[in-house]
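The values are calculated or read from the model by the stated rules, or taken from the named source; none is laboratory data. Every value quoted in this text rests on a predicted model; they were computed, and no experiment measured them. Cβ coordinates were reconstructed from backbone atoms using ideal geometry, including for glycine residues, and neighbour counts include every protein chain displayed. Areas reflect the complete protein model, heavy atoms only, side chains present, ligands, DNA and RNA absent. Shrake-Rupley method; radii C 1.70, N 1.55, O 1.52, S 1.80 Å.
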Amino acid sequence: MIRLNKFKYFAYPMLVCISVQFGCSKFRLKSVSGSAEGIWPQLYKTAARSSCDTLTCSFPLKAQWQNRASSAIGPTIIALDHYVLFGTLDGSLEGYTLEKGESIGKINIRSKVPITCAYLEPYLIALRRTGKGNLICYDLHQAETRWSASVGIIFGEPLIHDSWIFLAAADGRILRVRTADGQISRRARSQARFLASPALLNDVLVVGDDQGVVSAFDASLEPLWQFETGASIRATPVLDEGRIYIGSTDGVFYCLDLLSGESLWQTPVEGRIFHTAAVCDEKIVFGATDHTVYCLDRRSGKIQWTFKSKSVIGTSPVLTKDTAFIGSLDKTFYALDLNTGAQKWKFTAKGRIRSNPIITHNYLLFAAENDYVYCFKLNAW
Amino acid sequence: MKKYLPKMRIMKVRHDIFRILSRFNAVAVTVVCLLAAQSALGQFYFGRNKVIYNHFEWHVLQTEHFDIYFYPQMRALAEIGASYAEESYLVLEAKFNHNVSQRIPLIFYATHSHFQETNTLPYLIPEGVGGFFEFLKGRVVVPADGSVSDFKHVLRHELVHVFTYAKIQRIMKDHRILNHPGLPLWFTEGIAEYWSSGWDTQAEMVIRDAVINDYLFPLERIYEIEGSFLMYKEGQAVMKYIAETYGEDKILQLMENIWMSNQFSEIIKYTFGIDLKEFDQRWIYALKKDKYPLLADYDAAGRVSDKITRKGFNIKPAYYQQADSQQIVFISNRTGYSNIYLAPLLDEDDNPEAEILVAGERTSDFESLHLLNSNLDVNANGELVFVAKSGEKDVLYIYNIKKRAVVEQHLFDDLVSMYSPQWSPDGRHITFAGLAFSGRRDIYIFHRQSKQLLRLMDDAYDDRDPSFSPDGRWLAFSSDRGAFGKDGYYNLFLYDCIDNRIFYLTHGAFSDQMPKWSFDGEYIAFVSDRDGINNIWVLQTNGTMALQPLPQPSDSSQFSYLSSSYFATALSEHYPLRQVTFFITGVSDPEWTNEGDLLFSAFENFSFNIHRFNDFTEEIKIAPVAENDTLDHTHSSWAFKTIDGKGSTKQFKYRPKFSLDIAQSQITQDPIFGTSGGAQLVVSDMLGNYQYYFLLYNNARTRDEFLSSFNVAVSRVDLSRRTNIAVGAYHFAGRYYNRYDYWFWERRYGGYTALSYPLSKFTRVEASLNVRHSDKEWYYTSYRRKAMLVSNFFSFVRDNSLWGPTGPLDGTRINITLGNTLDIAHARVNFATVIFDYRRYFRLSNPVAHAVRLWTQINEGKEATPFFMGGSWDLRGYRLWRLWGTKLALVSNELRFPFIDRFSLKFPFGGLAFSSIRGAVFLDVGNAWDDELENMLGSMGFGIRFRFGGMLVLRFDVGRKFELTDLNHFYDYQKYDVDDKWFTQFFFGWDF
């Protein structure tokens, strides 16, 4: 359990001085909350990849802090209650305190390889894209590496569910790894290569591959069904209420049945779809290369509204009850009315927005290509 | 870089700067020489000239993402280009999933001749270069050539490079990678071609030929053809294979994975899951599967027709009947220079010798014969008409074959370039396609007697390949004015010279070009790519052109871009259309003989040669009739999209703004000269017309010397006009050493100006004035001298040399310099300078040349500066610059020949390929002296030259030195004292 309060007044400065180890130094975060509100533990928050929060927002948003990381920030930021952590593209993990943005340290893996992370209490799961022992489980309470495993090249990110880690590898394998000891307990094999991350709901694992095929597996990684789209899939599927929502680089957004893989509807758009959608209530939101943010009705697939930015949409969205937040390569982060698509607010950074935004507690966080992490308060109160 | 086939786009400029020196380098070298107060470096003071004929009044058109530089005469074309650039930006943004954060400068030229005058690159730009993207300022420079679709293609090709560069830069920055070789050239060019033109007829032609004739290079060995046109096309073919087999996203993934390894073969493995060898096997197998079955229905041209020529590229045949003998006139680059040849039209096995009628690329009259772009024609009187670039523009020449002389030449004020002139049947008119200053290409008719030039069209459509009918009434030509022209297709049209009307002749989504009437007017042969590759098709006119008018469309505004009305013509079964040849690779330039044979150029084994199809008219009769084209009556003419009024645009006059090109710093440590450190900066404007050079360094050995040891130089170079001007000022101080003065200390400060005026592409005059204060102290004698030195130099330079892999093989190079240096304050220095450097290259056969060099340098007078010689660059066998004197003379003879054509070394981790290792046998005689020449030194031997990495030539010589002390008996070989020992000398540098 979290024991941060005891160390509250000297832990923060201590943390700055602490050296970290994944193989060479230590990184200690004893105080991590287990409350769901404060956790954004992995890519798109849940195993089903919902990217949805229940908050409402008041605009304009108040800037809380902004910090420059030591190098380019990867696509995923995670939140561990009062901390935010992210991997960089040159192989380090960095973190800040949520409220004040104070650095809590840096783990330099010295691998020069992009690294992502996810959290499953009390473990921090770090994944290097390539290399020996590239999947690492670090016990935050004990401050020690619990195990590491070689899982091959992974372009996507780990999926954490129950006590398992699911990975889709570039060589076509789907792996299920036990968090307790890093044992690979199951493997499935595909002819294609996986560039995207999987999603999981009701013991059905879904992932798209570079041949444009959406594959589903059961909990034991036995294949269930496959569905072919027209081009490679880079986006992670979103699973919700027995349905799969996924965009393809063929420019079509698909809705499939989770159990059968049957196509329920397909909506073509003008651009190619690289990023994952977000689903909240009856709406699905995603961006495409034609500069456009699309909102579809999730039952029918009809386009409810569109919003045009000035360049390619660079991130997946994150949704609240009334707002869609999304970033673009025009260096602008947008807040759009979820019902109408009208722009409520925007923030122009000094770099393209490529890292996926998250919402944790009352804060919105995103990163830009100028190596900055930005934190805004969603509500003034 | 492409050498032979039309319109290659290059990304990185990979010029051999030692081969193609421009007058810019001449000025720059002059600057360096004056600043260093040394005699000119023997390797660099020749070179051809980039002549600025036009002083363009540049304007800038700003669109959302681009700054477009253009001149007013081509405003319409610039606006079309601007619209297409913005359209391309959106397309490429989606393909790359990336954008370009800076504004992109686009510099447009209306013609290729204008493009060759650009200062955005210091090098001469060959005719085969279709455009480029350069890294220093991120400029894209694109010429037009009359065809808007070609212009758009080149523009998009270069924009692909811009996006590729931006994307890779971002990835490297994100991953903090400083040293990475980047993407291989075949990839960057392949993707640029594929994402701009997809898969086109030209690519199909080259790849088919490579597969069928088994010279395709796998990617594992593609470094052996680095920079070649074949490499470009193979890259394009690989992209097509990846897109069709794995999906286009895989191409993007290859780029996005670039950070994963320095070896692109590893990137392929990461991306595809198979190694490079396996990828190669799959890709090549797929090509073979696709191309081999074509042999069932298609033939190699050489198998079913007579091959008339064999050596080099031979193209553009023109038939000529002289008394009873049949002749052909054609263009060939078989010697390296492009020339117009005459040869008897004999049977294939007779292999006749061809005679050069017009020697191209050596004189300013025939700077370029447009090897691949312009046809020839000969009339019944034996008069050849052709076009050649001569100075600023193309000139129309009439050459009398019997007299072997040019009898007329015509230059037209409004026309920059001309293409494919053709005689009228009576020999009184010449028709051709002319490219105006605005960039528009239209058909013209020149009346020889009255010298009148008639323009038949005046619109933005591209019209070319005109050909008179035997009765002189009709002109058949190719144009993109048809309904499919907006997609880049060319159809054939007829122009009625009597009624001044234009008619469709063919119609469809394909390209028909080069129409040629048979002698009896029964047929029109033309080249078409209807079946995916250029073959000869024939339209049978039956000797008449009965025309069927159509009702005029009600909306006449759709014809606002046309000068004439349109009617259907031979689009009916009364005029059968037939495909007569089924050659597997491309053909072009059909030319009838009066006996019903057909001559044409065929591409085979990566070369163009002229073939003859005997009894072609009989072949036509048995060829199956194809379905006639139909005219879609509702199809309106098309207009070019322009940027005018769209989005946010601004236009204003260009004013030079300067930005940094190069900044570098350097620290050196030398056991003799000690430590020095400094920096150099170069800034220039966007068009490269104005350049500033800054040099700053310090070579102090102690703190006390710091201020006095500052060396600084500033130069300004103006290249905007025909006369290039440099001015500068400098301060140099420090210790120097040479074997003549030994150690001395000198401070020099002053200013200089230098001019270079090109008389033509091959010849220029240069002048310079350098005024400086010199304070010199010799350590050996403790003598100190102050002087106010004024140096004047005047040079005449001529260079029309043709270069082989390691040095010149043909042509001449001359540098004659006269000068004087005078101390105007104290009269302590006063010497005259004469430099005479003459080099002639006698071509003995294609790869073999005898090179002769006559060189003398004289400084005569008070405190005359010595010259240095010795070493691999002049008197071989002697140590580098160990002979000195105020006078030197050298005679060199060298026989240059090929030694090893190619060998390659293959390692597990990669390979090295070496080509064109050349040999030399040499004899050098010369010496340097002050007052009296007492002896002559010499060497003789043999050597090997090896070009490494495209730029560096390594030289290894073996020989024996000799000395002649009795100069009066130089003819008596016994007077020569030859060394017993052999010397070896290894160095770098081009052959003289």
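Tallying residues that are in contact with a strand residue (DSSP E or B) (Cβ under 6 Å, 6 or more places away or on another chain) and over 24 Å from B:Asp799 (Cα atoms) within region B:844-867 yields 7.
In region A:308-337, the qualifying residues are those that are more than 20 Å from B:Gln102 (Cβ to Cβ) and out of contact with any Phe, Trp or Tyr (no Cβ under 9 Å at 6 or more places or on another chain), and the one that is least open to solvent (accessible area, probe 1.4 Å) is A:Thr320.
Inside region A:229-243, residues that are open to solvent by less than 40 Å² (accessible area, probe 1.4 Å) and within 14 Å of chain B (Cβ to nearest Cβ) make up a count of 5. Can you confirm whether region A:240-257 contains a residue that is in contact with a Ser or Thr (Cβ under 7 Å, 6 or more places away or on another chain) and closer than 19 Å to A:Lys45 by Cβ? Within region A:240-257 (the criterion being in contact with a Ser or Thr (Cβ under 7 Å, 6 or more places away or on another chain) and closer than 19 Å to A:Lys45 by Cβ), the answer is yes, since at least one residue qualifies. From the list A:Gly261, A:Gly271, the one residue that fits, being in contact with a strand residue (DSSP E or B) (Cβ under 7 Å, 6 or more places away or on another chain), within 14 Å of chain B (Cβ to nearest Cβ) and either at pLDDT below 95 or open to solvent by less than 50 Å² (accessible area, probe 1.4 Å) (or both), is A:Gly271. For region B:855-908, the set of residues classified as surrounded by 15 or more Cβ atoms within 10 Å (Cβ to Cβ) and among the basic types (Lys, Arg) consists of B:Arg876, B:Lys887, B:Arg896, listed by residue number. The strands (runs of 3 or more DSSP E) located wholly in region B:733-833 that include 1 or more residues which are closer than 28 Å to B:Asn893 by Cβ occupy B:763-778, B:784-799, B:808-823.
Within region A:349-362, the only residue that satisfies the criterion of being within 14 Å of A:Gly101 (Cβ to Cβ) and either crowded, with 24+ Cβ neighbours inside 10 Å or within 14 Å of the chain's Cα centre (by Cα) (or both) is A:Thr360.
The set of residues in region B:454-476 that are open to solvent by 10 Å² or more (accessible area, probe 1.4 Å) and in contact with an Asp or Glu (Cβ under 8 Å, 6 or more places away or on another chain) comprises B:Arg455, B:Leu456, B:Asp458, B:Pro470, B:Gly472, B:Arg473, B:Trp474. Quick one: in region A:196-228, of everything that is of a type in the set (S, T, N, Q) and more than 14 Å from chain B (Cβ to nearest Cβ), which residue is most open to solvent (accessible area, probe 1.4 Å)? Taking the candidates together, the pick is A:Gln226. Does any residue of region B:61-83 turn out to be surrounded by fewer than 20 Cβ atoms within 10 Å (Cβ to Cβ), more than 14 Å from chain A (Cβ to nearest Cβ) and outside any helix (DSSP H, G or I)? There is at least one residue in region B:61-83 that is surrounded by fewer than 20 Cβ atoms within 10 Å (Cβ to Cβ), more than 14 Å from chain A (Cβ to nearest Cβ) and outside any helix (DSSP H, G or I).
If the condition is being open to solvent by less than 40 Å² (accessible area, probe 1.4 Å), within 14 Å of another protein chain (Cβ to nearest Cβ) and not in a loop (DSSP other than H, G, I, E, B), then region A:169-195 contributes only A:Arg173.
Of all residues in region A:109-134, those that are open to solvent by 20 Å² or more (accessible area, probe 1.4 Å) and free of Cβ contacts under 8 Å to residues at least 60 places away in the same chain total 8.
Residue check: is A:Arg146 within 14 Å of another protein chain (Cβ to nearest Cβ) and open to solvent by 10 Å² or more (accessible area, probe 1.4 Å)? So A:Arg146 fails the test. With respect to the stated conditions, B:Ile835 is on the phi < 0 side of the Ramachandran plot and within 39 Å of the chain's Cα centre (by Cα).
Just checking, does region B:140-147 include any residue being farther than 30 Å from A:Thr249 by Cα, more than 14 Å from chain A (Cβ to nearest Cβ) and under 12 Å from the mean Cα position of the chain (by Cα)? The answer is no; no qualifying residue exists.
Yes/no per residue for (1) within 14 Å of another protein chain (Cβ to nearest Cβ); (2) open to solvent by less than 10 Å² (accessible area, probe 1.4 Å); (3) among the acidic types (Asp, Glu); (4) part of a helix (DSSP H, G or I):
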| residue | (1), (2), (3), (4) |
| --- | --- |
| B:Val211 | no, yes, no, yes |
| B:Leu216 | no, no, no, no |
| B:Tyr232 | no, yes, no, yes |
| B:Gln236 | no, yes, no, yes |
| B:Ile242 | yes, yes, no, yes |
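Taking the numbered list (1) more than 14 Å from chain A (Cβ to nearest Cβ); (2) open to solvent by less than 30 Å² (accessible area, probe 1.4 Å); (3) in contact with a strand residue (DSSP E or B) (Cβ under 9 Å, 6 or more places away or on another chain) in turn, B:Tyr89 passes all entries but (1). Among residues belonging to region A:310-350 that are of a type in the set (Ser, Thr, Tyr) and closer than 17 Å to A:Lys45 by Cβ, point out the one that is nearest to the other protein chains (Cβ to nearest Cβ). The extreme case among them is A:Thr315. Here is a check on your reading of the model: is B:Phe942 closer than 22 Å to B:Arg221 by Cβ and open to solvent by 50 Å² or more (accessible area, probe 1.4 Å)? Taking the combined requirement at face value, the residue does not satisfy it. What do you reckon, is B:Phe477 over 23 Å from B:Ala76 (Cα atoms), in a strand (DSSP E or B) and out of contact with any His (no Cβ under 8 Å at 6 or more places or on another chain)? Judged against the criteria, B:Phe477 is a match. Restricting attention to region B:474-488, the residues that are without any contact (Cβ under 8 Å) to a residue 60 or more places away in the chain and closer than 23 Å to B:Glu591 by Cα add up to 5. Six or more apart or on different chains, Cβ atoms under 8 Å: show the pairs whose first residue is in region A:135-156 and without any contact (Cβ under 8 Å) to a residue 12 or more places away in the chain and aromatic (Phe, Trp, Tyr) and whose second is part of a loop (DSSP other than H, G, I, E, B) and open to solvent by 10 Å² or more (accessible area, probe 1.4 Å). Pairs found: none. Based on what the data block shows, is B:Lys173 open to solvent by less than 20 Å² (accessible area, probe 1.4 Å) and within 14 Å of chain A (Cβ to nearest Cβ)? Here the answer is no, as B:Lys173 does not meet what is asked. In region B:120-136 there is no residue matching the filter, namely being open to solvent by less than 20 Å² (accessible area, probe 1.4 Å) and within 13 Å of chain A (Cβ to nearest Cβ).
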